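The values are calculated or read from the model by the stated rules, or taken from the named source; none is laboratory data. The structure displayed is predicted, hence computed values, not measured ones. When we count neighbours, we look across all protein chains shown, and the Cβ atoms used for this are built from the backbone with ideal geometry, even at glycine.
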Amino acid sequence: MKEINRCYLCYDAECTKACGVMEPDRILRSLYFDAGHVARYKLPEDLPCLTCDGRCGKSCPAELPVQKIISELHRQERPEESINYDVLKTDFLGIPLENPFLLSSSVVASTYDMCARAFEAGWAGACFKTVCLMDIDEASPRFSAIHGDNHRIVGFKNIEQLSDHTLVENIDIFKKLKKNYPDKFLLVSIMGRNDEEWAYLADVMNDSGADALELNFSCPNMTAENTGSDVGQIPELVEHYTQIVTSHTKLPFIAKLTPNVTHIEESADAAIRAGADGVAAINTIKSLIEVDINPKDGIINASIGGYSGKAVKPVALRFIAELSKDPKLHGKHISAMGGIETWKDALEFIVLGADSIQITTAVMEYGYRIIDDLRDGLALYLAENGYSSVNEIKRSTIRGIVSTDELDRSYLIYPKFLREKCVGCGRCYISCMDGGHQAITMKDKKPVLDASKCVGCHLCVLVCPSEAIVSSNIKVPKKR
């Protein structure tokens with residue numbers, strides 16, 4: 001994985017052009033997106049790499065040892081099951097979906113051409129960028145990011161607003177999409193500034209070609225009053241505007257909620273009371289990054305905007321778990337988003353209770369092509385574990401999510417030191433001394449655990465750069 005992390009995920013990849021026999025870039029991409037089982041599944045048994053001169057790696061701009069990586073992968077056991085996309089079939093408020101993966105309302109679903117290319121790639125549908133009656137004037141630039149290894153985006157901030165097409169232009173797009181892609185799901189996001197606009201948009205969307213609506217109560221970047229997350233933070237307003245849409249639409253609809261609250265269930269319950277058929281969460285989290293440390297008087301250098309990407313996934317999982325546990329939402333559709341890049345990310349949301357998955361930031365970084373490993377990874381996982389449908393695993397984990405007062409505190413689980421992998425750096429010692437319980441000493445450049453001081457916090461497991469410390473998984477009763 002450390003080698004794969006250096007892959008550039010090239011467009012028109014040189015490794016594949018150099019090979020001419022198979023598609024190394026497709027294999028590398030599966031590994032990059034945590035779908036090693038898919039990568040192994042797609043490798044031919046008569047692997048040409050075993051007798052090749054390695055020209056794929058020689059052509060790689062990242063100098064990746066492509067031949068070595070694929071040859072090592074070939075030595076692993078090949079999955080016995082086959083990929084069958086039928087297991088991914090589900091629905092959105094009774095409307096069939098070929099898989100649970102949708103583009104979320106954003107720039108990635110903002111034109112006919114973009115949605116069409118996504119549909120051709122294999123996405124089940126799209127939530128079109130929010131339709132409104134406002135004049136949208138975007139700032140430039142409007143994106144910033146925090147990067148991790150190999151320039152991978154960990155956290156992404158935007159100050160993007162809503163669709164800058166006219167209402168007529170957007171409706172023309174919807175009708176064209178449904179004509180050319182009748183089996184794809186078209187969810188349309190709408191936002192009004194007042195009662196009249198919410199009512200008008202709900203009325204107009206009835207004959208627009210939309211399959212369903214999503215009410216945007218969550219955008220944190222709006223300049224107009226009484227819009228976006230300003231509404232989503234007030235359950236009474238959520239209920240009020242939802243009631244208006246209920247009285248004007250013939251379409252099923254969900255409410256998109258803001259995470260910029262303490263208890264997301266309050267707004268969710270308000271939307272359901274007023275007639276919503278489900279909810280979507282989370283939208284971006286209000287944030288501020290890249291602050292100018294050498295400011296000049298009178299110069300605007302930063303703005304609070306919406307934070308997304310891998311970094312927000314733990315927050316999103318928390319909110320989806322809380323929504324799933326809310327008895328007032330039982331039987332209602334939950335569409336989840338927030339930091340989803342891989343099939344495993346998606347699976348975490350599904351087992352908590354998500355009925356559909358929406359994605360934006362990962363598409364912005366990697367393109368629509370990520371649908372390949374989202375579909376293949378999830379479908380092969382389901383087959384390997386004996387499931388005949390993705391619906392069988394929905395909510396399967398939610399009962400195991402408990403509050404901290406319900407945790408069993410009667411035992412310790414000690415860390416286990418893998419001596420053969422230890423490089424003697426002492427990182428575990430430093431962290432335990434200064435951030436733990438002084439339970440590790442160093443002897444001959446190797447860590448030694450003092451069980452009488454260890455509290456089983458596992459900080460050492462997390463900081464070890466060589467993965468030489470793991471959980472023992474042995475529960476030892478606490479001494480009272």
Practice problem: Could you check the range 321-389 for helices (runs of 4 or more DSSP H) lying wholly inside it with 1 or more residues that are within 29 Å of R273 (Cα to Cα)? | Solution: 343-352
Quiz item: List, please: which pairs have Cβ atoms under 9 Å, are six or more places apart or on different chains, and start with a residue in the range 281-297 that is acidic (D, E) and end with one that is surrounded by 15 or more Cβ atoms within 10 Å (Cβ to Cβ)?
Solution: E290/S144; E290/A145; E290/I146; E290/K157
Quiz prompt | Search result, residues across the range 31-54 that are within 33 Å of the chain's Cα centre (by Cα) and of a type in the set (A, V, I, L, M, F, W, C) | solution = L31, F33, A35, V38, A39, L43
Quiz item: Of D203, D172, which residue is part of a helix (DSSP H, G or I) and either on the phi > 0 side of the Ramachandran plot or in contact with a Phe, Trp or Tyr (Cβ under 9 Å, 6 or more places away or on another chain) (or both)?
Solution: D172
Quiz item: (1) out of contact with any Phe, Trp or Tyr (no Cβ under 9 Å at 6 or more places or on another chain); (2) without any contact (Cβ under 8 Å) to a residue 60 or more places away in the chain; (3) surrounded by 18 or more Cβ atoms within 10 Å (Cβ to Cβ): which one isn't true of S163, the others all being true?
Solution: (1)
Quiz item: Does L257 meet the test of being within 25 Å of L213 (Cα to Cα), in the same structural domain as G377 (by TED's automatic domain parsing), surrounded by fewer than 24 Cβ atoms within 10 Å (Cβ to Cβ) and in contact with a Phe, Trp or Tyr (Cβ under 8 Å, 6 or more places away or on another chain)?
Solution: no
Quiz item: Identify, please: which residue in the range 120-153 is within 19 Å of the chain's Cα centre (by Cα) and under 16 Å from I173 (Cα atoms) and is, among those, surrounded by the fewest Cβ atoms within 10 Å (Cβ to Cβ)?
Solution: A126
Quiz item: Which pairs have Cβ atoms under 9 Å, sit 6 or more apart or on different chains, and link a residue in the range 437-454 that is exposed (fewer than 12 other Cβ atoms within 10 Å of the Cβ) to one that is assigned to a loop (DSSP other than H, G, I, E, B)?
Solution: D444/G424; K445/C422; K445/V423; K445/G424; K445/C425; K445/G426; A451/A439; S452/A439
Quiz item: Can you pull out the residues in the range 422-463 that are more than 27 Å from S410 (Cβ to Cβ) and assigned to a loop (DSSP other than H, G, I, E, B)?
Solution: C422, V423, G424, C425, G426, D444, K445
Quiz item: Pairs, please: C-beta under 9 Å, at least 6 apart or cross-chain, first residue assigned to a helix (DSSP H, G or I) and in the range 390-415, second surrounded by 16 or more Cβ atoms within 10 Å (Cβ to Cβ) and among the acidic types (D, E)?
Solution: N391/D355
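Is it true that I393 is modelled with pLDDT of 95 or more, of a type in the set (V, I, T), under 30 Å from R78 (Cβ atoms) and surrounded by fewer than 17 Cβ atoms within 10 Å (Cβ to Cβ)?
Against the criterion (modelled with pLDDT of 95 or more, of a type in the set (V, I, T), under 30 Å from R78 (Cβ atoms) and surrounded by fewer than 17 Cβ atoms within 10 Å (Cβ to Cβ)), I393 qualifies.
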Self-check item: Test set (1) within 23 Å of F185 (Cα to Cα); (2) of a type outside the set (D, E, K, R); (3) in contact with a Cys (Cβ under 7 Å, 6 or more places away or on another chain) - I370 fails condition number
Solution: (3)
Quiz item: Somewhere in the range 161-175, is a residue touching a helix residue (DSSP H, G or I) at 6+ places or on another chain (Cβ under 8 Å), farther than 23 Å from R369 by Cα and not hydrophobic (A, V, I, L, M, F, W, C)?
Solution: yes
Self-check item: K157 over 20 Å from D345 (Cβ atoms), buried (at least 20 other Cβ atoms within 10 Å of the Cβ), among the charged types (D, E, K, R) and in contact with a Ser or Thr (Cβ under 7 Å, 6 or more places away or on another chain)
Solution: no
Quiz item: Only one of A280, A268, A276 is assigned to a strand (DSSP E or B), crowded, with 24+ Cβ neighbours inside 10 Å and either in contact with a Ser or Thr (Cβ under 7 Å, 6 or more places away or on another chain) or at pLDDT 95 or above (or both); which?
Solution: A280
Quiz item: Under 6 Å by Cβ, and 6 or more places apart or on different chains, what pairs join a residue from the range 9-32 that is without any contact (Cβ under 8 Å) to a residue 40 or more places away in the chain with one that is in a helix (DSSP H, G or I)?
Solution: A13/D25; C19/C56; V21/P48; E23/T16; D25/C15; D25/T16; Y32/I4
Practice problem: Test V66 against the stated conditions and say whether it is surrounded by 14 or more Cβ atoms within 10 Å (Cβ to Cβ) and within 30 Å of A210 (Cα to Cα). | Solution: no
Exercise. Evaluate the range 24-45: report whether one residue or more is surrounded by fewer than 15 Cβ atoms within 10 Å (Cβ to Cβ), assigned to a loop (DSSP other than H, G, I, E, B) and not assigned by TED's automatic domain parsing to the domain that holds A139.
Key: yes
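Residues being part of a loop (DSSP other than H, G, I, E, B) and hydroxyl-bearing (S, T, Y): count how many of those fall in the range 464-477.
The first filter runs over the range 464-477 and keeps only residues part of a loop (DSSP other than H, G, I, E, B), leaving 464-468.
Checking which are hydroxyl-bearing (S, T, Y) leaves us with 466.
The number of residues fulfilling the criteria is 1.
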Practice problem: Please indicate, with yes or no, whether at least one residue in the range 420-432 is within 34 Å of the chain's Cα centre (by Cα) and either within 30 Å of D12 (Cβ to Cβ) or exposed (fewer than 12 other Cβ atoms within 10 Å of the Cβ) (or both). | Solution: no
Practice problem: Quickly run through the range 46-72 and pick out the residues that are part of a helix (DSSP H, G or I) and under 21 Å from D149 (Cβ atoms). | Solution: G57, V66, K68, I69, E72
